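The structure appears right after this line, and notes come after that.
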């Protein structure tokens, strides 16, 4: 995966590692959540990430959430 950097108004830089090429394993929509489970990375859209979050967090070794990008304004 590529890390994307986006400057903010206050000069901070936001880094994203999920791109439009990363797709939800459940429905194929753009992925905003990545969870590592048993050494494999699972990707989810915001909807499916929230739907499975409770169960996944219990077994995931990492949880990467970029859903805040959905409410960002340009």
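Before moving on, here are some points about what is shown:
- Within segment 20-38, the set of residues being buried (at least 19 other Cβ atoms within 10 Å of the Cβ) and in a strand (DSSP E or B) comprises 33, 34, 35.
- Yes/no for residue 54 being assigned to a helix (DSSP H, G or I) and modelled with pLDDT of 95 or more: yes
The values are calculated or read from the model by the stated rules, or taken from the named source; none is laboratory data. On a predicted model such as this, the values are computed, not experimentally measured, just so you know. Virtual Cβ from ideal backbone geometry, glycine too; neighbours counted across all protein chains shown.
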